[in-house]
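Undergrad: Okay, here's the structure, questions in a sec.
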Amino acid sequence: MGIILKPIDVVDDISKEDFYEKYLKPRRPVVIRNMAKKWPAYQKWTMEYMKEVVGDVEVPLYDSSKADPSAPINASAAKMKFGDYIDLIQREPTDLRIFLFDPIKYAPKLLEDYISPKELMGGFLDKYPNMFFGGKGSVTFLHFDIDMAHIFHTHFNGRKHILLFDYKWKERLYQIPYATYALEDYDIENPDFTKFPALDGVEGIECFLEHGDTLFMPTGWWHWMKYLDGSFSISLRAWDKSWAVKAHSLWNLTVQRKFDDIMKSNFKKKYMDWKEKVAIKRAELALKRGLPR
């Protein structure tokens, strides 16, 4: 059977009413083609422009290696001047990525270049956009966002391949306990179903983004991303109206993260080995019980 992937819905434009009924209310992903074409960024945000406005600030870089059990969450693998990194991803493939970078801290005029889609929904965190840069072939591991926000993810200067999975599949995706990511020992693009049988039959959505495409990712959706070209994206975040989702976000960001950091600091590899065993046991149990229903 394998992993069952359906193509994502794609629209050029969408009304507030249709967006709410078809995607926000049922929490279904969609790609909106024309949203960013109304932004100054659609024309302005080239690689050279980003180098010009952000400058040579040193930025943390992340690779595709498995997380170090003794390192804090989101610990970087290396550092590089931003301009040198942009030159690198334009020149050659690399698995190095810039993750959760806030360029507005260094180039506040970028605020003028994009427009939050408030005509579709409210709750945007306008002052806290994140940008993500990756070299050709670099991969963002399978995870869901810890703050449980709705995401409008717009891509620039290349192509990106994305796999999406509803939150309900978390056990079958081998979610690591006290974390928002999956077991890193399998390749979701080409999984070994003998070693990881719970992945067989998991249902997801496949998406390809090109320059100016905007992906709406509802709260809690798992996502895996691969840069097909050296390129970058910006994510605009909006709160879900549900108080249950807000409470889940608060729990993730405070109690769960703090507990996980303490356990990793004190028990390191022993703790991580235990978490991986639990992830495998939960996945196999969910498969045996036919979950999710």
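The values are calculated or read from the model by the stated rules, or taken from the named source; none is laboratory data. Because the structure is a prediction, the values reported are computed rather than measured. As a convention, Cβ positions derive from the backbone with ideal geometry for all residues, glycine included, and neighbour counts pool all protein chains shown. To get the accessible areas, we keep the full protein, side chains included, count just its heavy atoms, and leave off ligands, DNA and RNA. Shrake-Rupley method; radii C 1.70, N 1.55, O 1.52, S 1.80 Å.
Undergrad: Assign unit charges at the C-beta atoms only (+1 for Lys and Arg, -1 for Asp and Glu), then state the dipole size of the chain relative to its Cα centre in Debye, rounded to the nearest 20.
TA: Numbers: 44 positive and 42 negative charges, 216 e Å.
Value, rounded to 20: 1040 debye.
Undergrad: Name the residue from THR154, GLN175, VAL11 whose Cα lies farthest towards the positive end of the charge dipole of the chain, charges +1 on Cβ of Lys and Arg and -1 on Cβ of Asp and Glu.
TA: Sorting the options by dipole projection puts first GLN175.
Undergrad: So, one more: Averaging sequence separations of C-alpha pairs under 8 Å and six or more residues apart, then dividing by the length of region 172-212, give the relative contact order as a whole percent.
TA: Values: 21 pairs, mean separation 14.0, N = 41.
With pairs under 8 Å counted, the relative contact order is 34 percent.
Undergrad: A follow-up question, please. Tell me, how many Å apart are the Cα centres for region 25-62 and for region 106-181?
TA: Value for the Cα centre distance between the two parts: 12 Å.
Undergrad: I'm a student and want to see the number: the projected area of the Cα convex hull of region 126-279, averaged over all directions, in nm².
TA: Values: hull surface 39.3 nm².
Seen from a random direction, the Cα hull of region 126-279 projects 9.8 nm² on average.
Undergrad: Using only the alpha carbons of region 142-222, determine the length spanned along each of the three principal axes and report them from longest to shortest in whole angstroms.
TA: Between the extreme Cα coordinates on each principal axis of region 142-222 lie 39, 26, 19 Å.
Undergrad: Right, something else. If I take R0 = 25 Å and measure r between the Cβ atoms of ASP87 and HIS161 in this structure, what FRET efficiency does the formula 1/(1 + (r/R0)^6) give, to the nearest 0.05?
TA: Numbers: r = 24 Å, r/R0 = 0.95.
Calculated transfer efficiency: 0.60.
Undergrad: Of LYS51/LYS269; LYS136/LYS281; LYS136/LYS170; LYS168/LYS241; LYS44/LYS66; LYS246/LYS288, which sit over 30 Å apart, Cα to Cα?
TA: On the way: LYS51/LYS269 39 Å; LYS136/LYS281 35 Å; LYS136/LYS170 28 Å; LYS168/LYS241 19 Å; LYS44/LYS66 36 Å; LYS246/LYS288 32 Å.
Long pairs (Cα-Cα over 30 Å): LYS51/LYS269; LYS136/LYS281; LYS44/LYS66; LYS246/LYS288.
Undergrad: How many percent of the alpha carbon pairs in region 10-135 exceed a separation of 25 Å? Before the final figure, lay out the partial values.
TA: On the way: 3212 of 7875 pairs.
Of the Cα pairs, 41 percent sit more than 25 Å apart.
Undergrad: Follow-up. Using a Gaussian network model of the chain whose springs link C-alpha atoms within less than 10 Å, name the residue from PHE196, PHE259, PHE133 with the highest mean-square fluctuation.
TA: Most flexible of the set in this elastic network: PHE259.
Undergrad: List the residues, sorted by chain then number, that are 5 or more residues from HIS211 or on another chain and whose placed amide H is less than 5 Å from its amide H.
TA: Amide H to amide H, under 5 Å and 5 or more residues apart or across chains, HIS211 pairs with ASN157, GLY158.
Undergrad: Ignoring everything but the protein chains, give the 1.4 Å probe accessible area of ILE115 in square angstrom, nearest 10.
TA: Counting only protein heavy atoms, the figure is 90 Å².
Undergrad: Here's something else I'd like to know. Within the accessible area of region 172-293, what % is carbon and sulfur when the probe is 1.4 Å and the other protein chains stay in place? Show your work: numbers first, answer last.
TA: Details: 3420 of 6070 Å².
After summing per-atom areas, the C and S share lands at 56 percent.
Undergrad: With a ≥ b ≥ c the root eigenvalues of the C-alpha gyration tensor of region 219-265, is it rounded (a/c under 1.5), prolate (a/b larger than b/c) or oblate? Display every interim value, and only then the final one.
TA: On the way: a/c = 3.00, a/b = 1.36, b/c = 2.20.
The shape class here is oblate.
Undergrad: Just the Cα atoms of the chain: what Rg and Dmax do they give in Å?
TA: Answer for the chain, Rg first and Dmax second: 19.0, 55 Å.
Undergrad: Translational diffusion coefficient, Stokes-Einstein: compute it for region 80-190 using the Kirkwood radius over C-alpha pairs as Rh, at 37 °C and 0.692 mPa s, and state it as an integer in µm² s⁻¹.
TA: Values: Rh = 16.5 Å.
Rounded, D is 199 µm²/s.
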